[in-house]
1. Can you list residues whose amide H is under 5 Å from PHE325's amide H, if they're 5+ apart or on another chain and H is modeled 1.01 Å from N?
2. Net charge within 13 Å of ARG184 by Cβ-Cβ distance, Lys/Arg positive one each and Asp/Glu negative one each, not counting ARG184 itself?
3. So what is the 222 nm mean residue ellipticity for the chain from helices alone, if each DSSP H run of at least 4 adds -39500 (n - 2.57) and you divide by all residues, rounding to the nearest 500 deg cm²/dmol?
4. Give me the accessible area per residue for the chain, probe 1.4 Å, as a whole number in Å².
5. Under a GNM of the chain (C-alpha, springs under 10 Å), which listed residue has the highest mean-square fluctuation: TYR14, TYR63, TYR267?
6. Averaging sequence separations of C-alpha pairs under 8 Å and six or more residues apart, then dividing by the length of segment 204-356, give the relative contact order as a whole percent.
7. Given a Förster distance of 35 Å, report the FRET efficiency between SER113 and TYR153 from their Cβ-Cβ distance, rounded to the nearest 0.05.
8. How much of the DSSP beta bridge set in the chain is antiparallel, as a percent to the nearest 5?
Amino acid sequence: MKNKIISFPHIGDYCYFVKPFLENLTSLNVKFAPPITKKTIELGSKYSPDTICLPFKYNVGNYIEALEEGANILFQFGGGCRYGNYAPLQKKILKDLNYDFEFYELIKNGKTSFSHIYKTFKSINPEITKSKLIKELILVFIKIMLYDHLEHYRRKKIPIEPEKFKKLKYKFINNLKSQKNIFRILKTYFIYRKKYKKVRCKKPKLKIGLIGELYTSMEPFSTFDLEEELKKYDVSIKRYTTVSYLLIYKKIFNKIAKYKVRNYLKYHIGADATYNVYRTLKLKEKGYDGIIHTKPFGCTPEVGVIPILSKISNEKNIPIMFLSFDTETSNTGIKTRVEAFVDMLMMRKEKKSEKK
Ligand code: SF4
């Protein structure tokens with residue numbers, strides 16, 4: 001195989017940090033899969049089993065488009081739930097389509113370890129050492145944590161000039177992504193944190209929490225960019241699901257979440273569903289005006305949690321809108337529902353303030 005080119009599926013902005021991570025470890029050319037479009041999901045759906053989860057189809061679409069652009073080494077990073085078992089089937093689908101490629105899973109059967117990651121990279125680049133891998137893992141981890149931290153801030157704010165704030169975000173990513181020194185990474189973060197705080201913002205009209213399934217939470221295309229849509233109505237957003245949450249907070253809060261939801265859930269019900277119950281209670285406590293729950297059509301854990309969330313919504317008097325996405329979902333339909341939900345929350349808020 002000549003000219004080895006690595007690629008991997010998209011999920012939000014994280015690709016910007018994964019690319020230098022893979023480049024530094026493999027010394028090979030790493031190319032983004034083409035940006036997700038309608039064609040991506042059409043391709044993914046065409047070659048995936050009908051009833052399989054939507055993220056699987058997006059990934060297959062990304063892989064096909066990347067292979068068509070010359071990629072011949074593919075990575076799968078997904079883990080947990082059915083996501084952790086995507087890789088063997090995706091590999092078979094692509095091999096059946098006669099593509100010539102190598103396929104690597106960093107998370108195998110839902111689990112990973114340092115030795116598995118090391119062996120994976122060693123088989124691609126025999127020069128790699130354990131200390132180099134540790135260094136790169138630490139660097140990518142810190143970059144993602146800092147990126148997520150500023151994104152939490154950005155989601156909450158309603159900038160007077162949204163486009164300027166968006167440009168600032170990409171400047172931050174561009175400055176951060178290829179840094180190879182922890183002190184420079186931290187310096188970049190502090191410089192941009194200052195810049196973010198200087199952005200002129202207005203008071204949000206509403207506060208909405210976003211909960212739900214992992215992929216629809218983190219990949220904007222899969223929800224027709226729900227966060228941007230909400231920002232048009234001056235909504236401050238709180239979203240818990242990020243890569244930092246998956247890597248650290250989920251593990252730390254596991255026991256706390258289980259304890260806090262004990263009145264509603266006796267057992268863990270898979271993926272992020274238990275946490276979504278916990279988050280709903282937390283958002284209510286924090287005075288959020290409403291919650292939007294997103295999931296791909298047929299996502300078992302999130303379908304299972306809907307009756308529990310509806311119960312909390314009635315008991316605690318916090319409105320929750322449930323949005324389900326599949327390949328047929330229309331952008332206009334989602335926009336209309338978001339607009340109606342925001343209107344309802346505004347009226348509710350006005351009535352509440354009149355009573356005071
Ligand atoms: S969380 Fe839902 S969409 Fe994601 S892998 Fe599990 S069932 Fe599929």
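The values are calculated or read from the model by the stated rules, or taken from the named source; none is laboratory data. Values in this document were obtained by computation on a predicted structure and should not be read as measured data. All Cβ positions, even for glycine, are placed from backbone atoms using ideal geometry, and neighbour counts span all protein chains on display. Accessible surface areas use protein heavy atoms only, side chains included; no ligands, DNA or RNA. Shrake-Rupley method; radii C 1.70, N 1.55, O 1.52, S 1.80 Å.
1. For PHE325, whose amide H was placed from the backbone, the distant partners under 5 Å are LYS295, PHE297.
2. Working: positive: LYS143, LYS177, LYS180, LYS187; negative: none.
My count for the surroundings of ARG184 gives +4.
3. Values: 14 runs with 196 residues, N = 356.
The helix contribution divided over the chain gives -18000 deg cm²/dmol.
4. Working: 18140 Å² over 356 residues.
On a per-residue basis, 51 Å².
5. Comparing TYR14, TYR63, TYR267 in the GNM, the peak value goes to TYR267.
6. Relative contact order of segment 204-356: 29 percent.
7. Working: r = 33 Å, r/R0 = 0.96.
Plugging the Cβ-Cβ distance into 1/(1 + (r/R0)^6) gives 0.55.
8. Working: 3 of 28 bridges.
Percent antiparallel among DSSP bridges in the chain is about 10.
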